[in-house]
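Below is one structure; the comments refer to it alone.
The values are calculated or read from the model by the stated rules, or taken from the named source; none is laboratory data. This is a predicted model, so every value here is computed, not measured. Ideal geometry is used to build each Cβ from the backbone, glycine not excepted, and the neighbour counts take in all protein chains shown. The protein model used for the area step is the full one, side chains on, heavy atoms only, and it has no ligands, DNA or RNA in it. Shrake-Rupley method; radii C 1.70, N 1.55, O 1.52, S 1.80 Å.
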Amino acid sequence: MGLLIVSCDSDTDAGEFVVGADYLAIKNKVIEIDTVTIDVSNIKLDSLVTSNQSRILVGNYDDPLFGKVKSDSYFQVATTSFNLNLSSDTESTGYVFDSIAMILRYDDYYFADTTKVQTLNIRRITQNFKPNKDDKSFYNSSSLTYDSPILGTISYKPKPIGRDSINIKVSNEFGLEFFNKFKNNEITSYDDFTDYLKGFVISSESGNSNSVIGFNLSSVLRLYYSKGKGDAGNKYHMDFAISDATKQFNAISSDRAGTLIQDLPLAKANLSSSLTGNKGFIQSGTGIVCRVDFPNVKQLKYLSEKGAIVDAKLIMKPVKDSYSKMFPLPESLNVYVVDKLNRIKTTLTNSSGGTMVATLTKGNDEFDEIVGYQLSVGAFLQKEMLKLSDSKSGLIFTLPILSKVVDRVALGDQYSKESQMKLQIYYISY
């Protein structure tokens, strides 16, 4: 059975090269090459779609490598019934307002330090949910105008695994006005409702937060009211749910002032790891990705008159002391083939067309020297080596989830002393 190495890039016509059993015989020379140059650079993507991701992501924290990271969440609530009492009694006389609250239900996602108190504030949006772009999406850079007064606030220690929800009391003044709109039959349709209440934004206070927390879209605004007096009165509540996921998005930002990546350019330009402490940075939510290039790989075809790259392994190590229980390492990294302008051409595949990912390997070494990501890039390098044109492709590394988490990882480059990136190429001449 042979190993098929395919070269099918759009700008080459080198065809296929098959390494069969005859070529792997002892008389053929297989050499290991570990001196090929690896260029690492950092890129800031223009924007990431964060609407329709089914997660309310709120909080902020200070990251020693990535700066101050923050996520505010915007969403619209709605109802399908505009009567206070869903029974046959439609008389509004006697109904009284009790209270109103935002119930946020955890979805198990969290990042950074959940042992510290976090403060969340709710404000009322004053702008219609209309995207600025033609694709009807909202982005991590999107925002809507909102009132400055705080409608509700909570200071709490997040328990994203141990509890199911948090309950944020909302202003009685707003609640009573809201209640009376229904009691007086001033809201009788969806359009009436959204004209009056366009939505909410939830944000965290930067001076009192150390984590980013995920809540799911089953979260509701709950209006409590009653009919009758004292204990004999009938208690009711009315829920206003997030029914349209396209009108919920997270504005995820980072203040990188004072960090190694404070001068990170936008998507078409790269910031070399030689200018960032020999580090490559990757972070979801904020759109930071790492690019890896092999500028001299074409030189390998001059090693012999006939030869091929049989296999190649890229080994990437996370920067020492950059990860912890608070900043865990992702289990894998997605890999994309890109052109010189960082435009994605395809996902990285092997010679059989299967999608390749960089997989985290962990050992029991107390010094973490064998913690790292491994990726087979033999098929990719073979294509690059055989290209007839002068164009060169590179690889971009991202986290598996791009738009609704703020996970991150920092990788050492080829010149990093403690976290060196390595490339091992196995080349056969015949």
Query raised in the report: Among the residues of region 34-49, is there at least one that is over 19 Å from the mean Cα position of the chain (by Cα), open to solvent by 80 Å² or more (accessible area, probe 1.4 Å), farther than 22 Å from Asp108 by Cβ and modelled with pLDDT of 90 or more?
Result: yes
Requested in this report: Having 3 or more residues that are out of contact with any Lys or Arg (no Cβ under 9 Å at 6 or more places or on another chain) is the bar; report the strands (runs of 3 or more DSSP E) wholly within region 59-157 that clear it.
Outcome: 67-75, 95-112, 118-124
Query raised in the report: Among (1) open to solvent by 20 Å² or more (accessible area, probe 1.4 Å); (2) modelled with pLDDT under 90; (3) of a type outside the set (Asp, Glu), where does Gly20 come up short?
Result: (1)
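Right, Ser218: modelled with pLDDT of 95 or more and either under 18 Å from Lys247 (Cβ atoms) or of a type in the set (S, T, N, Q) (or both) or not? Don't jump to the end; show me each part of the working.
Numbers: modelled with pLDDT of 95 or more: yes; either under 18 Å from Lys247 (Cβ atoms) or of a type in the set (S, T, N, Q) (or both): yes.
So Ser218 passes the test.
Starting from residues that are closer than 20 Å to Asn128 by Cα and without any contact (Cβ under 8 Å) to a residue 40 or more places away in the chain, keep the ones in region 193-209 and report whichever is most open to solvent (accessible area, probe 1.4 Å).
Initial filter on region 193-209 (closer than 20 Å to Asn128 by Cα): 193-203.
From what's left, without any contact (Cβ under 8 Å) to a residue 40 or more places away in the chain: 195-196.
Working: Asp195: 108, Tyr196: 39 Å².
By that ranking, first place goes to Asp195.
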Requested in this report: Residue by residue through region 349-358, note down the ones that are surrounded by 13 or more Cβ atoms within 10 Å (Cβ to Cβ) and either closer than 30 Å to Tyr110 by Cβ or touching a Cys at 6+ places or on another chain (Cβ under 9 Å) (or both).
Outcome: Met356, Val357, Ala358
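Please enumerate the residues belonging to region 388-427 that are of a type in the set (Gly, Ala, Ser) and open to solvent by less than 10 Å² (accessible area, probe 1.4 Å). Walk me through how you get there before you give the answer.
In the first step, residues of region 388-427 are kept if they are of a type in the set (Gly, Ala, Ser); the result is 389, 391, 393-394, 403, 410, 412, 416, 419.
Once the filter is applied, which keeps residues that are of a type in the set (Gly, Ala, Ser) and open to solvent by less than 10 Å² (accessible area, probe 1.4 Å), region 388-427 yields Ser393, Gly394, Ala410, Gly412, Ser419.
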Query - Single residue of region 353-369 satisfying the filter (in a loop (DSSP other than H, G, I, E, B) and under 19 Å from Lys325 (Cβ atoms)) that is modelled with the highest pLDDT - result: Lys362
**Report entry** Residue under evaluation Phe178, criteria (1) surrounded by 14 or more Cβ atoms within 10 Å (Cβ to Cβ); (2) at pLDDT below 95, criterion not met
**Finding:** (2)
Query raised in the report: So which strands (runs of 3 or more DSSP E) are wholly in region 258-337 and hold at least 1 residues that are open to solvent by 20 Å² or more (accessible area, probe 1.4 Å), out of contact with any helix residue (DSSP H, G or I) (no Cβ under 9 Å at 6 or more places or on another chain) and on the phi < 0 side of the Ramachandran plot?
Result: 288-293, 307-316
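Counting only residues that are of a type in the set (Lys, Arg) and surrounded by 14 or more Cβ atoms within 10 Å (Cβ to Cβ), which one in region 156-173 is nearest to Thr114 (Cα to Cα)? Give the derivation first.
Going through region 156-173, the residues of a type in the set (Lys, Arg) turn out to be 157, 159, 163, 169.
Filter once more, so that each one left must be surrounded by 14 or more Cβ atoms within 10 Å (Cβ to Cβ): 159, 169.
Values: Lys159: 7, Lys169: 21 Å.
Ranking the candidates gives Lys159 first.
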Report summary line: All-but-one check, Val220 against (1) surrounded by 15 or more Cβ atoms within 10 Å (Cβ to Cβ); (2) in contact with an Asp or Glu (Cβ under 9 Å, 6 or more places away or on another chain); (3) under 25 Å from Ser376 (Cα atoms), failing number (3)
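Pick from region 118-155 the residues that are of a type in the set (Phe, Trp, Tyr) and at pLDDT 95 or above: which of them is nearest to the chain's Cα centre (by Cα)?
As a first pass, look at region 118-155 and keep what is of a type in the set (Phe, Trp, Tyr): 129, 138-139, 146.
Subsequent filtering for residues that are at pLDDT 95 or above retains 138-139, 146.
Details: Phe138: 14, Tyr139: 12, Tyr146: 25 Å.
Top of the filtered list is Tyr139.
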